[in-house]
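These notes are about the structure you will find just below.
Read-outs throughout are calculated quantities, based only on the coordinates presented, and are distinct from any laboratory measurement. Since we're looking at a predicted model, the values are computed, not measured. Note: ideal-geometry Cβ built from the backbone for every residue, glycine included; neighbour counts use all protein chains shown.
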Amino acid sequence: MNILSVQDLVVQTPAARLVDGVSFAVRAGRTLGLVGESGSGKSVTCLSVLGLPPRGVQVSEGRILFDGEDLRTQTPAQLNALRGREIGMILQDPMTSLNPLLTIGRQITEMFRYRDGIASRAERRARAIDLLRRVRIPAPESRLDSYPHQFSGGMRQRVAIAINLACNPRLLIADEPTTALDITVRLQILDLLREVQSERGTAIVLVTHDLHLVRRYCDDVAVMYAGLIVEQGPVEAVFARPRHPYTKGLLGAVPRLRDLQHRLTVIPGQPPLPGSIAQGCRFAPRCPRAQADCASTYPAMRALDSQRSVACWHPEPSAAASDSLLAATTS
Amino acid sequence: MSALEVSDISRAFPIRNGLFARPASLRAVERVSFELPQGGTFGLVGESGSGKSTLARLILGADEPTDGEVRFGDRVFGRRTQDRHKRWRQRAVQAVLQDPFGSLDPQMSIGDIVLEPLRIQQHDFARDALQKRLDELLMQVGLPQEFRHRRPGELSGGQRQRVAIARALVLEPEILVLDEPVSALDVSIQAQVLNLLKDLQDALGLSYLLISHDLAVVAFMSSHIGVLYLGRFMEQGTRDDIVERAAHPYTHALIAASEPDALDVQADVQPISGEIPSPLAPPSGCVFHTRCPAARDICRTDAPTEQRLSETHRVTCHFPIIPQV
């Protein structure tokens, strides 16, 4: 059962289409990694799903089905109610989403007061302490009266997760949740998210540029380039044998610890700017496999098997094809 | 022959918490020693508060050590020997910093930005000699010639970092201090810049001091690696000493965090918990003991001394993980 299903989403400013027909779905208890470089449209996609596109940006086409209901037809008040309860979000730096003038305790307890109508102060406080303990913040009783700036980045992210836990969301959108954190703290936060997910069957969309994290924490991956998804499928399969030349290039561009190379594989050039996009495949100017037809028509997303799809006229060979090629050359 | 030799260098910043508080000090770098071989790369890896940027400033001469010395061949910089070779250091040791936008003046043209250090150091440079040097540098860093008239705002992050590299090269330095040179860049651009830095090193015989939080980037670039935690070296050695024969539990934690499958491979290595303590109040004994899965009583009370595991490999730990041969 899909918790979230996005269909042909188009998000644009008056001048340019930032997201140009994107479709993906996440099931309960699963994590979808949305990867791409800056400007690929991954954050705009997520903010649009949340009904919070940046100023001047509009969702113009497509459907955003949450539990079968199109979020685009909901009123702002209905959306607000959903965001508080059913849909949670975690952003890159919680310092920007927490109020610096209020104690952590106040920010957690106000939710119990206004949303759940709990009148007793002691009761609200006890619930907040319980939440902080669940995200493993040491000595929660004393930390409730601290301000956000008195927490480290990792601890602030734990608070953000705690606030989301209180909502018990069925869908959690995490936009680069660990990018600002130190590497040894990063994994702790993601482990915590995974723990929460397995307890409650939350569906998670994890937006990141870090391919290592996708491999470790996601079930499925969607690779975005210039406002479109170019390849999609189970993480294992896509990482083992990427079919889109961009996915392959990205994987080759990351230095690997135990793989001594003198040079990294490079994707030449740079991604196009929104608005400057020609017809045809958007990756063609940088693509080592590009041929004449790539520049004229955009390749639609097509299914490779029941789980994988790719948008490319000349994809990398599949395992079977390259094995038979190998057999042909060695014989 | 070493391009750079750092011996027992420390930097403490005096801290006053209030009018009547006892003066304390933040020991940002504590007795660090290492050597950067000529034409090689020494990679410093560490998380926030590890003192890696303070160390970079000490080597660049932007800050002075409270103890110890920095030696470039026979030129020694210690507490009292600052001035004699200052001009040499200003030319021969250059930096490339993390944020290519923050380090370039938005009002200046790319050409002026690249040539500025040369104009300051040598006033008598002829006009066409300057232009020739600019042509050469833009080509070396892979930027089109017409970029000389553009301004930083018109460039992408990767292009700006190329400009910063050209500017660092204009005085024909011997050593480049690279402080998180690719952390602000996208993956595909990161690879371009790392390859460029390697090519330049091969072509110009440069020595690099590379600072990064990313062990994979450090391992890709470096011949030697030092692992910093709260201002102290936990472990240092050749690239293989660190990546293949890591002995310190912290190094193991960094490896596990940088390699997606490493945790499954080394099931006996536990992930570390907790956060980096404040450098203002470093833990007693071994500074890593609060997060160390292998910590015992002695780690809480006594600071370990550095042990030599081989000619190149040194570790500071009471209970290093020695691989069974």
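Taking the Cα centre as origin and putting +1 on Lys and Arg beta-carbons and -1 on Asp and Glu beta-carbons, what dipole magnitude results for the protein assembly as shown, to the nearest 20 debye? Working shown, then result.
Working: 74 positive and 73 negative charges, 280 e Å.
In total the dipole reaches around 1340 debye.
What list of ³J(HN,Hα) values in whole Hz, one per residue of region B:179-195 in order, does the Karplus curve 6.51 cos²θ - 1.76 cosθ + 1.60 (θ = phi - 60°) give from phi, with Gly and Pro shown as x?
Couplings: 9, 6, x, 10, 5, 8, 9, 5, 3, 5, 6, 3, 5, 4, 5, 5, 4 Hz.
Could I get the Rg over Rh figure for region A:1-139? Both from C-alpha atoms, Rh via Kirkwood, rounded to two places.
Numbers: Rg = 17.8 Å, Rh = 17.3 Å.
Using only Cα positions, Rg/Rh for region A:1-139 is 1.02.
Hey, what's the Kirkwood Rh for the protein assembly as shown if you take every pair of different alpha carbons, in angstrom?
When all Cα pairs of the protein assembly as shown are included, the Kirkwood radius is 27.2 Å.
Give me a comma-separated list of calculated 3J(HN,Hα) values for region B:208-214, in order, Karplus coefficients 6.51, -1.76, 1.60 applied at θ = phi - 60°, integers in Hz, x for any Gly or Pro.
10, 10, 9, 10, 7, 8, 9
In region B:1-153, how does Rg compare with the Kirkwood Rh, expressed as the Rg/Rh ratio over alpha carbon atoms?
Using only Cα positions, Rg/Rh for region B:1-153 is 1.05.
Could you work out the Kirkwood radius for region A:74-136, taking every pair of different alpha carbons, averaging 1/r and inverting it, reported in Å?
13.2
When the convex hull of the C-alpha atoms of chain B is computed, what volume per residue in Å³ does it have?
Given the Cα convex hull of chain B, per-residue volume reads 165 Å³.
Using the Cα atoms of region B:91-163, I'd like the radius of gyration and the largest Cα-Cα distance, Dmax, both in angstrom.
12.0, 33
Give me the dipole magnitude in Debye, nearest 20, for region A:96-159 about the Cα centre, with unit charges on the beta carbon: positive for Lys and Arg, negative for Asp and Glu.
Here region A:96-159 has a charge dipole of around 120 debye.
Using the charge dipole of chain B (Lys, Arg: +1 at Cβ; Asp, Glu: -1 at Cβ; taken about the Cα centre), state which of B:273, B:251, B:130 has its Cα farthest towards the positive end.
So the residue we want is B:130.
Excluding residue B:239 itself, what net charge comes from residues whose Cβ is under 15 Å from its Cβ, given Lys and Arg +1 and Asp and Glu -1? Intermediate results must be reported in sequence, preceding the final value.
Working: positive: A:256, A:258, B:198, B:245, B:314; negative: A:259, B:35, B:214, B:235, B:240, B:241, B:244, B:259, B:311.
That works out to -4.
Residues with amide H under 5 Å of residue A:28's amide H, sequence separation 5 or more or different chain, H placed in the peptide plane at 1.01 Å from N; which?
Amide H neighbours of residue A:28, under 5 Å, 5+ apart: A:3.
Going by amide H atoms built from the backbone, whose H comes under 5 Å of the H on residue A:90, apart from near neighbours?
A:173, A:174, A:175
With an 8 Å cut-off on Cα pairs and a minimum separation of 6 or more residues, tell me the relative contact order of chain A in percent.
It comes to 20 percent, rounded to a whole number.
Could you tell me which residue out of A:132, A:315, A:253 lies farthest along the dipole of chain A toward its positive end? Charges go on the beta carbon: Lys and Arg +1, Asp and Glu -1, centred on the Cα centre.
A:132
Taking a quarter of the surface of the convex hull around the Cα atoms of region B:72-193, what do you get in nm²?
Directional mean of the projected Cα hull area for region B:72-193 stands at 8.7 nm².
Considering amide H positions built from the backbone, and no H for Pro or chain starts, which residues 5 or more places from residue A:16, or on another chain, come under 5 Å of its amide H?
Long-range HN contacts for residue A:16: none found.
Take each of the peptides A:65-72, A:308-315, B:251-258, average the number of other beta-carbon atoms within 10 Å over its residues, and list them starting from the highest.
B:251-258, A:308-315, A:65-72
Which order, highest average first, do B:199-206, A:114-121 follow once you tally other Cβ atoms within 10 Å for each residue and take the mean per peptide? Don't skip to the end; give the middle numbers.
On the way: B:199-206: 14.6, A:114-121: 10.9.
Ranking, from highest mean packing down: B:199-206, A:114-121.
For region B:176-218 and region B:286-325, compute the distance between their C-alpha centroids and round to whole Å.
Taking the Cα centre of each part, region B:176-218 and region B:286-325 sit 30 Å apart.
Compute, for chain A, the length of the dipole vector about the Cα centre, with Cβ point charges of +1 (Lys, Arg) and -1 (Asp, Glu) only. Units Debye, rounded to 20. Write down the numbers at each step before the final one.
On the way: 39 positive and 31 negative charges, 122 e Å.
Approximately 580 debye in magnitude.
Along the principal axes of its C-alpha atoms, what lengths does chain A span, in descending order and rounded to whole Å?
Result, largest extent first: 77, 47, 34 Å.
Please give the average number of partner chain Cβ atoms lying within 10 Å of the Cβ of each residue in A:258-265, rounded to a whole number.
5
Hey, can you rank A:226-234, B:4-12, A:214-222 by average C-beta count inside 10 Å, highest first?
A:226-234, A:214-222, B:4-12
Can you list the HN-Hα couplings for region B:115-123, worked out from phi with the Karplus curve (6.51, -1.76, 1.60; θ = phi - 60°), rounded to whole Hz and with x for Gly and Pro?
After applying 6.51 cos²θ - 1.76 cosθ + 1.60, I find 8, 3, x, 5, 5, 6, 6, 10, 6 Hz.
Strictly greater than 15 Å: what percent of every Cα pair in region A:191-287 meets that?
Above the 15 Å cut-off, region A:191-287 has 68 percent of its Cα pairs.
Return the inverse of the average 1/r over all pairs of distinct C-alpha atoms in region A:86-227, which is the Kirkwood hydrodynamic radius, in Å to one decimal.
Answer for region A:86-227: a Kirkwood hydrodynamic radius of 15.7 Å.
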